[in-house]
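Asker: I am attaching a structure below and will ask some questions about it afterwards.
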Amino acid sequence: MRVATWNVNSLKVRLPQLLDWLRLRQPDVVCLQETKLEDAKFPTAEIDAAGYRALYCGQKTYNGVAILSRDPATDPLTALPGRADEQKRLLAASVGGVRIVCAYVPNGQSVDSDKYRYKLDWLAALTGWLGAELVRHPKLVLAGDYNIAPEERDVHDPRAWEGQVLFSAPEREAFQRLLALGLKDSFRLFEQAPGSFTWWDYRLNAFRRKLGLRIDHILASEALAPLCRACSIDIEPRRNERPSDHAPVVAEFEPGS
DNA sequence: ATGGTAGAAACTCTA
């Protein structure tokens with residue numbers, strides 16, 4: 001099973017690129033973030049024609065998540081239970097015996113912002129819920145835009161980013177609490193090139209200058225991680241005309257997992 | 001000292 005995550009930063013704008021990418025990479029499951037579409041405007045016909053079913057949970061202008069899958073997805077969940085949130089950031093469903101959790105973690109804006117507090121609260125709620133979800137679904141993938149670079153090697157200039165949002169200690173500790181649930185960072189199960197990033201600011205020619213961060217991740221549960229065969233970042237779509245500022249991440253799991 | 005870009009939408013907010 002090939003599982004991908006991609007923050008598309010507007011599915012309306014990126015739909016042609018997504019359809020090209022699906023044909024090229026043939027993923028079985030794709031988690032999308034920042035669709036920025038109300039559910040009524042989700043491009044179900046185009047996705048269906050590409051051979052995928054879609055679950056989606058969106059809103060106008062901001063946020064929005066979706067799970068595309070070749071096989072049917074069951075038992076959807078569109079928010080953390082007991083947390084009625086108008087921000088559409090979470091979607092979970094089961095595909096082929098694997099629980100797929102698609103997350104768009106709040107950006108946080110800056111460490112002195114209310115949005116940063118909201119980010120840490122949201123991560124704590126996610127972690128709490130995942131503990132129970134892992135009991136129900138031992139084979140689980142948490143894929144999405146975490147808006148957290150977990151380690152120094154995930155940041156082009158860790159000194160400059162020290163204490164900044166996306167790399168501050170409380171955010172990185174929140175990431176470690178996800179790992180403490182037994183989740184493994186599938187990207188780090190394999191040898192990777194230095195300077196592997198998934199996001200580059202649109203400004204200041206960051207992509208061309210390789211000024212990126214690795215903030216999009218596919219975590220695999222303890223039961224699923226041993227079945228992971230590969231994980232890579234596909235930077236090609238970042239070279240497109242009108243690209244998303246994020247590149248997709250793709251993880252390969254043993255067939256039948 | 002705080003810009004720079006992109007997307008959505010309606011001029012400012014979010015990232």
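The numbers here are math on the coordinates, done by the rules we state, and not lab data. Every value quoted in this text rests on a predicted model; they were computed, and no experiment measured them. Glycine also receives a Cβ, built like all others from the backbone with ideal geometry; neighbour counts cover every protein chain displayed.
Asker: Could you give the length gained by full extension between residue A:24 and residue A:85, i.e. 0.36 nm per residue of separation minus their alpha carbon distance, to one decimal place?
Answerer: Roughly 18.4 nm would be gained on extension.
Asker: Taking chain A as a Gaussian network, Cα atoms linked when under 10 Å apart, which of A:193, A:247, A:124 shows the biggest mean-square fluctuation?
Answerer: Its mean-square fluctuation being the largest, the pick is A:193.
Asker: Next up: Report the gain in length on full extension from residue A:241 to residue A:44: 0.36 nm times residue separation, minus Cα-Cα distance, nm rounded to one decimal.
Answerer: 68.5 nm
Asker: Counting only pairs 8 or more residues apart or on different chains, how many lysine pairs in chain A have their Cα atoms under 17 Å apart?
Answerer: 12
Asker: Once you've got the GNM for chain A with C-alpha springs shorter than 10 Å, pick whichever of A:99, A:89, A:229 has the biggest mean-square fluctuation.
Answerer: Of A:99, A:89, A:229, the most mobile in the Gaussian network model is A:229.
Asker: Let me ask something else. To the nearest 20 debye, what is the magnitude of the charge dipole of chain A about its Cα centre, counting +1 on the Cβ of each Lys and Arg and -1 on the Cβ of each Asp and Glu?
Answerer: 340 debye
Asker: Using a 7 Å offset from the Cα along the Cα-to-Cβ direction at both residue A:75 and residue A:53, what is the distance between the two label points in nm, to one decimal?
Answerer: 1.5 nm
Asker: How high is the FRET efficiency between residue A:189 and residue A:115 when r is their beta carbon distance and R₀ equals 45 Å, given to the nearest 0.05?
Answerer: 0.90
Asker: Order of A:146, A:202 from fewest to most other C-beta atoms within 10 Å?
Answerer: The most exposed by this proxy come first: A:202, A:146.
Asker: Rounded to whole Hz and in sequence order, give me ³J(HN,Hα) for the range A:123-130 from the Karplus expression 6.51 cos²θ - 1.76 cosθ + 1.60, θ = phi - 60°, writing x for Gly and Pro.
Answerer: 5, 5, 5, 4, 5, x, 5, 5
Asker: Kindly list the residues of the range A:77-93 that lie in the label zone of residue A:62, defined by a backbone N under 18 Å from the point 7 Å along the Cα-to-C-beta vector.
Answerer: A:79-80, A:83-91
Asker: Of all DSSP beta bridges in chain A, what percent run antiparallel (nearest 5)?
Answerer: For chain A, the DSSP antiparallel bridge percentage is about 80.
Asker: If you don't mind, there's one more thing I want to ask. Quick one: A:185, A:216, fewest Cβ neighbours within 10 Å first, how do they rank?
Answerer: In order of increasing Cβ crowding within 10 Å: A:185, A:216.
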